[in-house]
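The values are calculated or read from the model by the stated rules, or taken from the named source; none is laboratory data. The model shown is predicted, which means the values in this text are computed figures rather than measured ones. Here the Cβ is made from the backbone with ideal geometry for all residues, glycine too, and neighbour counts use every protein chain on show. SASA here: full protein model, heavy atoms, side chains in, ligands and nucleic acids out. Shrake-Rupley method; radii C 1.70, N 1.55, O 1.52, S 1.80 Å.
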Amino acid sequence: MATLTGAQGVATGVRHAAIYCNDDLLESAFIRAGKVTGDLVHPLPYCPEFFRSEFASKVADMKNSVKNRSNATSSCAGQFLGNHISEYLEQGGKWCHVDIAFPAEDGERATGYGVALLLQMLKEWHF
């Protein structure tokens, strides 16, 4: 969970966090947990094969910004994190990134968004 991108607000607005998830059951569990708690989430396209190349670099392992700003940048930001756990994912690990950039604040105040969501996930999902 991170306040990762302004693109999250463009993709899902100020009340829904964006989730980037590699497992349909885990994604559904987050959606249910959001509805139960009011910490709403909406899934983003999970297509690592479309987003990995956005971080290609000639001088480093990868760069931390996308080449194409019109290529689902919130999904790309999630994939940037996913690139760092590729071994875990290749072994079949289940993973969900929750981008809370916009619902985490209201003006200059924090909203507490995500606390109830994670607590509900801990109750529901058997890690």
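Quick look at the values:
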{"read-out": "Nearest-0.05 FRET efficiency for residue 94 and residue 119, computed from C-beta distance (R0 22 Å)", "value": "0.70"}
{"read-out": "Over the chain: helical MRE at 222 nm, DSSP H runs n ≥ 4 each giving -39500 (n - 2.57), nearest 500", "value": "-11000 deg cm²/dmol"}
{"read-out": "Isotropic mean projected area of the C-alpha convex hull, region 1-45 (nm²)", "value": "3.1"}
{"read-out": "Most to least accessible of 102, 30 (protein chains only, probe 1.4 Å)", "value": "102, 30"}
{"read-out": "Protection proxy ranking, peptides 103-110, 17-24, 92-99, 75-82, average beta carbon neighbours within 10 Å, highest first", "value": "75-82, 17-24, 92-99, 103-110"}
{"read-out": "With DNA, RNA and ligands ignored, accessible area of residue 12 (1.4 Å probe; Å², nearest 10)", "value": "20"}
{"read-out": "Furthest towards positive pole of dipole, 1, 93, 29, structure part the chain, Cβ charges", "value": "1"}
{"read-out": "Count, lysine Cα pairs under 29 Å in the chain, 8 or more residues apart or across chains", "value": "6"}
{"read-out": "Degrees between helix 24-37 axis and first principal axis of the chain (Cα, 0 to 90, nearest 10)", "value": "40"}
{"read-out": "Fraction of antiparallel bridges per DSSP, the chain only, in percent to nearest 5", "value": "60"}
